[in-house]
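Have a look at the structure below before the remarks.
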Ligand code: HEC
């Protein structure tokens with residue numbers, strides 16, 4: 001092949017490629033048909049606040065305008081579920097995408113419940129102060145969990161209930177009285193948050 005025939009060959013390839021790619025996608029008819037033309041995705045969300053000390057916030061996304069939708073949070077892998085859980089407080093970018101890759105984003109903020117100590121939590125804190133903290137503090141016999149830190153009481157609510165109420169194996173010196181167990185149960189039944 002001489003230079004001219006190579007040139008002609010390349011030119012022919014170029015036009016054929018352009019022709020077929022224009023015709024292979026049916027809608028629009030232009031050289032770069034947009035499959036998202038006419039797709040109007042709308043995205044909104046409801047949230048459940050994270051409890052102070054806990055990453056238990058939830059975002060439930062509601063989207064419309066297309067089918068086969070998938071959902072992503074902060075650019076992470078898409079999932080088919082519209083629910084994201086175990087979230088810390090903060091603002092997240094939700095992306096909704098249909099099968100053709102048409103997408104829409106929305107910023108969603110997860111709040112946090114109050115960190116102000118409620119009456120039930122304060123009762124539990126006082127109880128742990130008198131019955132547990134001698135051992136459960138830095139330098140104590142069992143520094144973990146360290147019950148001098150409020151959030152450690154909240155994070156360990158289920159373990160505290162298990163050991164001190166259900167099993168009665170804490171404190172090791174002998175179980176709490178029923179009235180003391182009731183203090184822990186009342187707080188956990190109310191939700192086990194600092195603000196309860
Ligand atoms: C005399 C010291 C002492 C006192 C008082 C005490 N603990 Fe403990 N605690 C320990 C020791 C030692 C362990 C580790 C051994 C075990 O699990 O039995 C422990 C373990 C625990 C655990 C298990 C931690 C885990 O990760 O599963 C919990 C929960 C706990 N204590 C709660 C309490 C509560 C609530 C109180 C007060 C009502 C209390 N403890 C009082 C010594 C104490």
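In the set 41, 35, 11, 87, only one residue is at pLDDT below 55 and on the phi < 0 side of the Ramachandran plot; that residue is 11.
Only residues that are within 6 Å of the ligand (Cβ to nearest atom) and loosely packed, with under 12 Cβ neighbours inside 10 Å: list them for the range 159-168, please. Before the answer, list the steps.
Quick first cut of the range 159-168, residues within 6 Å of the ligand (Cβ to nearest atom) only: 159-160, 163-164.
159, the sole residue that qualifies.
Within the range 100-107, the presence of a residue that is within 11 Å of the chain's Cα centre (by Cα) and either surrounded by 14 or more Cβ atoms within 10 Å (Cβ to Cβ) or in a strand (DSSP E or B) (or both) is excluded.
So if I check each of 192, 174, 140, which one is surrounded by 15 or more Cβ atoms within 10 Å (Cβ to Cβ) and more than 23 Å from residue 113 (Cα to Cα)? One residue alone meets the criteria, 140. State whether the residues of the range 135-158 include one that is under 20 Å from residue 58 (Cα atoms), more than 15 Å from the ligand (Cβ to nearest atom) and in contact (Cβ under 8 Å) with a residue 24 or more places away in the chain. No - not one qualifying residue is present in the range 135-158.
The residue list 145, 171 contains one member that is assigned to a loop (DSSP other than H, G, I, E, B), within 20 Å of residue 53 (Cα to Cα) and in contact with a helix residue (DSSP H, G or I) (Cβ under 6 Å, 6 or more places away or on another chain), which is 145. All conditions in (1) surrounded by fewer than 18 Cβ atoms within 10 Å (Cβ to Cβ); (2) assigned by TED's automatic domain parsing to the domain that holds residue 48 hold for residue 84, with the sole exception of (1).
Restricting attention to the range 174-192 and to residues that are touching a helix residue (DSSP H, G or I) at 6+ places or on another chain (Cβ under 6 Å) and part of a loop (DSSP other than H, G, I, E, B), the residue that is nearest to the ligand (Cβ to nearest atom) turns out to be 176.
The values are calculated or read from the model by the stated rules, or taken from the named source; none is laboratory data. Everything quoted here is computed from the prediction, not taken from an experiment. Quick reminder, even Gly has a Cβ in these numbers, built from the backbone with ideal geometry, and neighbours come from all protein chains shown.
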